[in-house]
Amino acid sequence: MESIGNKFKEEREKKELSIHQVARDTKISKRYIVGLEDENFSIFPGDTYLVGFIRTYSDYLDLNSEEMISLYKNLKIQEQPPPMEELLEKKNNASLLYISLGAVALVVSIIIGIYFIVGNVNASLAGIDSSDKEEDQVSSAKTGNAAALDETEGSGLSIFRLGDNAIDRRFSINDRVLTTIGKKEYSMIFEEIDDTVTMGIPSGKSVLSIGNVLKADLNNDGVNDVSIELYDIDRNAAKINAQVRFRRIGDSSKLSDGAEPLMASTPGVGSSKIPERKQKLSLILESADKKSFILSGTFRRGCLLRTIVDEQDRVERYYSKGETVQLNIEKNVRIWIANAGFIKFYIDGYDIPMGRNGEVAAKLIKWIKNEQTGLFELQCVPMY
């Protein structure tokens, strides 16, 4: 039988790709990339994740993902032991008849015994107060409601509450995940599930592909609050669904009311005398030293984009809906967008807030040293 691991490895080497590069581009851990190529499936946390990684890696290498998944499932079937009944010698029909007759006789004896026992204790059972039964029913109903606090079902809508523990399960369209930051509750809803998943979050819509991680700032305080990771999409189910993991991150929930996250003091580029135009800085990530980074974006609608990477030549282009852009940056990048709501940017899986729908945005993304912490912060700075 054709080896799924060899197909992955041969195609990767044919394209002259390293394990490190594949892991960086697909956001799949190098450990799992090696596991797929070595067919060491025992290291994966579950079959759902494994299938999702096979689909992502196949699409990345331009292999037919459905064929690769079928190849894996056939391999799994071959490794399963044969049914036990095939290993056992079939009994003689006459022996089976005798056993059946004996079983029937035993059942009849038990029924007769129960009849006499019930007749003797009938008087005791008659004294049970019907109110006790009602109390048991009320108790059962309360227990059911308590179990439903984290999952309210009805009219095709399920609601889940995200706390300190992560939520890792399959979600359908219109499912919601709620989480509380400070004293306010925020909602994340599954708006569309197809080849990708469209999440509705307070800052707008975000599109997730399999293997991608979205880190969202729900309360717009410059600190990412929730990590959303898409593992798999099942289009063959009766109701299309997606395997997604939600996890709380950051420390915005620990800030007191009105407190600002600790960031290096960085002025905007230029200034504005109009209060409505003033924007907050956004902290993307921290590092012990400056390092290169990749800015990736997906266009939701046609839009004009202008960029200057590392103070080099200006590049200006109109992108159509569905197109993507990827910039390799050593120091900084300046960005001008004709409509901030028409594109979604990410750096290392972090959602980069650019502005509202219909807003013309101009941003500078660069490393800034925080003298208080000694760390370098990659910040998104407004340009006026």
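The values are calculated or read from the model by the stated rules, or taken from the named source; none is laboratory data. Everything numeric here is computed off the predicted structure, so don't read it as measured data. A quick note on method: Cβ atoms are made from the backbone with ideal geometry, for glycine too, and the neighbour counts reach across all protein chains shown.
Considering only residues that are surrounded by 14 or more Cβ atoms within 10 Å (Cβ to Cβ) and under 22 Å from the mean Cα position of the chain (by Cα), which ones fall in the range 294-336?
Hits for the range 294-336 are Leu295, Ser296, Gly297, Thr298, Phe299, Arg300.
Among the residues of the range 298-314, which ones are over 18 Å from Ser206 (Cβ atoms) and part of a loop (DSSP other than H, G, I, E, B)?
The answer is Gly302, Asp310, Glu311, Gln312, Asp313.
So is Ile54 within 22 Å of the chain's Cα centre (by Cα) and either buried (at least 17 other Cβ atoms within 10 Å of the Cβ) or over 26 Å from Ala242 (Cβ atoms) (or both) or not?
Working: within 22 Å of the chain's Cα centre (by Cα): yes; either buried (at least 17 other Cβ atoms within 10 Å of the Cβ) or over 26 Å from Ala242 (Cβ atoms) (or both): yes.
Yes; evaluated as a whole, the condition is true for this residue.
Please work out which residue is nearest to Gln326 (Cα to Cα), limiting yourself to the range 1-60 and to residues that are in a helix (DSSP H, G or I) and basic (Lys, Arg). Give the derivation first.
The initial filter retains those residues of the range 1-60 that are in a helix (DSSP H, G or I), namely 4-14, 19-26, 30-38, 41-43, 47-60.
Keeping just the survivors that are basic (Lys, Arg) gives 7, 9, 12, 14, 24, 30-31, 55.
Working: Lys7: 28, Lys9: 25, Arg12: 21, Lys14: 23, Arg24: 13, Lys30: 22, Arg31: 25, Arg55: 22 Å.
Ranking the qualifying residues of the range 1-60, first place goes to Arg24.
Given the conditions (1) out of contact with any strand residue (DSSP E or B) (no Cβ under 8 Å at 6 or more places or on another chain); (2) at pLDDT below 90, and given that Tyr49 satisfies all but one, which numbered condition is not satisfied?
In the conditions (1) out of contact with any strand residue (DSSP E or B) (no Cβ under 8 Å at 6 or more places or on another chain); (2) at pLDDT below 90, Tyr49 misses (1) alone.
Yes/no per residue for (1) in a strand (DSSP E or B); (2) at pLDDT below 80; (3) within 18 Å of Lys344 (Cα to Cα):
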{"residue": "Gly211", "(1), (2), (3)": "no, yes, yes"}
{"residue": "Leu214", "(1), (2), (3)": "yes, no, yes"}
{"residue": "Ser227", "(1), (2), (3)": "yes, no, yes"}
{"residue": "Ala242", "(1), (2), (3)": "yes, no, no"}
{"residue": "Arg245", "(1), (2), (3)": "yes, no, no"}
{"residue": "Gly250", "(1), (2), (3)": "no, yes, no"}
{"residue": "Ser253", "(1), (2), (3)": "no, yes, no"}
{"residue": "Asp257", "(1), (2), (3)": "no, yes, no"}
{"residue": "Met263", "(1), (2), (3)": "no, yes, no"}
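For the range 317-374, which residues satisfy the criterion of being of a type in the set (Asp, Glu) and either under 23 Å from Thr26 (Cβ atoms) or without any contact (Cβ under 8 Å) to a residue 40 or more places away in the chain (or both)? Don't jump to the end; show me each part of the working.
Kept after step one, since they are of a type in the set (Asp, Glu), are these residues of the range 317-374: 323, 330, 348, 351, 359, 371.
Of everything in the range 317-374, those that are of a type in the set (Asp, Glu) and either under 23 Å from Thr26 (Cβ atoms) or without any contact (Cβ under 8 Å) to a residue 40 or more places away in the chain (or both) turn out to be Glu323, Glu330, Asp348, Asp351, Glu359.
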